[in-house]
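The values are calculated or read from the model by the stated rules, or taken from the named source; none is laboratory data. Source: prediction; values computed, not measured. Cβ coordinates were reconstructed from backbone atoms using ideal geometry, including for glycine residues, and neighbour counts include every protein chain displayed.
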């Protein structure tokens, strides 16, 4: 499962589908979160620890999910 898919699941489950509630709670740039959710960008390694904590994953699992986005599967290879 890509990082975008994982983030969308958390948004829908924990924030009732509200991207605004998610970025406010997580204190992240709204544009960055939007790009991650839409698969326009893939988080870079500096965000792995943060995302691991928010998603309840290991850093390795976050890295693997980000690699799916970088390697295709409908997502851009760009990083932010």
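Brief remarks follow.
- Output for the stretch 20-39, where each listed residue is assigned to a loop (DSSP other than H, G, I, E, B) and at pLDDT 95 or above: 27, 28, 29
- Candidate set from the stretch 32-55 (those that are out of contact with any helix residue (DSSP H, G or I) (no Cβ under 9 Å at 6 or more places or on another chain) and over 15 Å from residue 2 (Cβ atoms)); member that is surrounded by the most Cβ atoms within 10 Å (Cβ to Cβ): 53
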